[in-house]
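**Q** Dropping the structure in here first, questions after.
We did not get these values from a lab; they are worked out from the coordinates using the rules stated. Being a predicted model, the structure only gives us computed values, none of them experimental. Positions of Cβ are generated from backbone atoms using ideal geometry, with glycine treated the same way; all protein chains shown enter the neighbour counts.
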Amino acid sequence: MGASEVRTFLASARAEVDEALERFLPAPPDCPPLIGEAMRYSLFAGGKRLRPILTLAAADAVGRTVGSPSGAVRGLALPSACAVEMIHTYSLVHDDLPAMDNDTLRRGRPTLHVVYGDGIAVLAGDALQAEAFALLAREPAADDPVVCARKLRALGAIAAAAGAAGMVGGQTLDLQAAGQAPNHPAVLDADGLRGMHARKTGALIGAAAVSGAIMAGGLAAQVEAVGRYAADLGLAFQIVDDILDVEGDAAQLGKTAGKDAAGGKPTYPALFGLEGSRHMAAQCIQRARQALADARLSEGWLPAVAEWVVGRSN
Ligand code: GRG
């Protein structure tokens, strides 16, 4: 797959996701204007759309193995793609609150609570999560029991990834490690750090990819391989995120740089050095590619998405 084809795929997937997000979100008079506006403020602030792109790429990879037209599988997977992006955005909004990371810059803009206040930011995050599950239950609208069964599995995978065993659990460990859970401190070693990130960011990245494979009708072995690919991709993503926090600047990242070190957080560069961390990220991508090759899912965009994750600068 050439670089310009990859760029075209990424741009078209982003445009499709953005259009669908706007269509799927509630708007006045169904909701008060302010909450609709606050949800959109963060959702359309220029995120990379990694997770929904993964959903669409995983659906496409599975669809290729059964000869499904790419438009058809993309349509089946688009609601999951959008739901995962809504949940991701809610997590960023809540993470940025003074009660958590207390950040003022996100996606290159003042954070939601800085502009709309803490209360509206809490509510916009809550609403984004609720709307994500409403969307998963509603779309794709179908009476076909096969599609309904896929929807239920995708919804279950995404809910588990967002909940106490996944993202919320990871954020809990993060708060404990940062000394922000009174009377419940935790010290993370290298395994603890990996486990915390596997929950906090890895689980949703995994569910993004797996839900795409499920919605495209993937066989059990294909869904499992996509899950292994995404687990390594999620780890690589986090390692690169830590490296960028050391090397990047706020203008490039669209968020405050150097926060991890300043907050005394355990990070990959702190534990393994920059070179060691880069090497670990490269090994993750190697394993992710192998998982695809083992299941004959290397056709399509998933290998290129993995390269993009390690090569990114924000
Ligand atoms: C509040 C329940 C709850 C969870 C928050 C994911 C998370 C959990 C907090 C985010 C903190 C953070 C900055 C983690 C580093 C990795 C990460 C998720 C970065 C942001 O994701 P990107 O780079 O963001 O995909 P964009 O803006 O491009 O979508």
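**Q** Can you give the FRET efficiency for A160 and S4, using 1/(1 + (r/R0)^6), R0 = 30 Å, r = Cβ-Cβ distance, to the nearest 0.05?
**A** Once the sixth-power term is evaluated, E becomes 0.20.
**Q** Can you find, among L292, A83, M196, the residue sitting farthest towards the positive end of the charge dipole of the chain, where Lys and Arg contribute +1 and Asp and Glu -1 at Cβ?
**A** Going by the Cα projections, it comes out as L292.
**Q** Helix by helix, which DSSP H runs in the chain go 27 Å or more along their axis at the Cα atoms and have an average Kyte-Doolittle hydropathy of -1.0 or more?
**A** Span-like helices, by this rule, are 3-24, 70-95, 118-138, 220-247, 268-294.
**Q** On to the next question. Find out how many positive minus negative residues lie around F44, taking Lys and Arg as positive, Asp and Glu as negative, among other residues whose Cβ is under 12 Å from that of F44.
**A** Result for the neighbourhood of F44: 0.
**Q** Report the residue, chosen from R199, R278, R74, that carries the largest GNM mean-square fluctuation when the chain is represented by alpha-carbon nodes joined by springs under 10 Å.
**A** Greatest mean-square fluctuation among the candidates belongs to R278.
**Q** Which FRET efficiency, nearest 0.05, do N183 and N102 yield, Cβ-Cβ r, R0 22 Å?
**A** 0.60
**Q** Taking each pair of different alpha-carbon atoms in region 3-311 once, compute 1/r for the pair, average those values, and report the inverse of that mean as the Kirkwood hydrodynamic radius in Å to one decimal.
**A** Across region 3-311, the inverse of the average 1/r is 19.6 Å.
**Q** Once you have the Cα-Cα distance between V146 and S298, take 0.36 nm times their residue separation minus that, and quote the gain in nm to one decimal.
**A** Residue separation times 0.36 nm, minus the Cα-Cα distance, leaves 52.1 nm.
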